[in-house]
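Inspection log for the structure reproduced underneath, given as structure tokens.
No lab work stands behind these numbers, since they all come straight from the coordinates. All of these numbers come straight from a predicted model, not from anything done at the bench. Virtual Cβ from ideal backbone geometry, glycine too; neighbours counted across all protein chains shown.
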């Protein structure tokens, strides 16, 4: 049955953040929009949105234009209208310092794990039960401030590990749309 698939990538607006670890969710959204021919992202209230159709669904790619700790606000209208089944039709793309670059994990639910973007989404939705795709950016070294770590660009080698994954992750997101979170976990988690 046709419906709406909502894919939200977490990141921070502004050129100074574009290449940072915290914006890998936006990197993947850009790859999805390009691969699927959705065109450019356009301003839509507090988000940048690209939309198209992947039969049988309408797919909306969403970049919150608020800062990370207020990312959940873009989901308020969807929640109010019951526009998506949170456990089946929403996917959040997020950086994860607990995973090394080149590793990814689909999860059907879970804690925010200290991630302010996920905390904001949980607060807006009133639940931790929504799928997410965690993209490894590497652990913060001892003695380095975590905020400074995620708001800095990864070194060239790590960036390449992440960007080399984007074509596979484009396939993985489409697979998630067709087969669901559990099947995506079995196939892509590493």
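For the reader, a short list of remarks on this structure follows.
- Stretchable slack from residue 182 to residue 144, in nm (0.36 nm times residue separation minus alpha-carbon distance): 10.2 nm
- Cα shape, the chain, gyration tensor, a/c 1.5 rule: rounded
- Top of 55, 122, 100 by mean-square fluctuation, Gaussian network on the chain, Cα under 10 Å: 55
- Modelled label reach - residue 189, point 7 Å along Cα→Cβ, the range 98-123 residues with backbone N closer than 12 Å: 104-110
- Pair residue 34, residue 76: separation of 7 Å Cα→Cβ label points (nm): 3.3
- Simple spin-label estimate for residue 127 and residue 109 gives 0.8 nm between the two label positions (7 Å along the Cα-to-Cβ direction from each Cα).
- For the range 102-181 and the range 55-79, distance of Cα centres in Å: 16
- Value of [θ]222 nm, deg cm²/dmol, for the chain, DSSP H segments ≥ 4, -39500 (n - 2.57) each, nearest 500: -10500 deg cm²/dmol
- Our summary gives the range 4-188 a relative contact order of 26 percent, counting only alpha carbon pairs under 8 angstrom and 6 or more residues apart.
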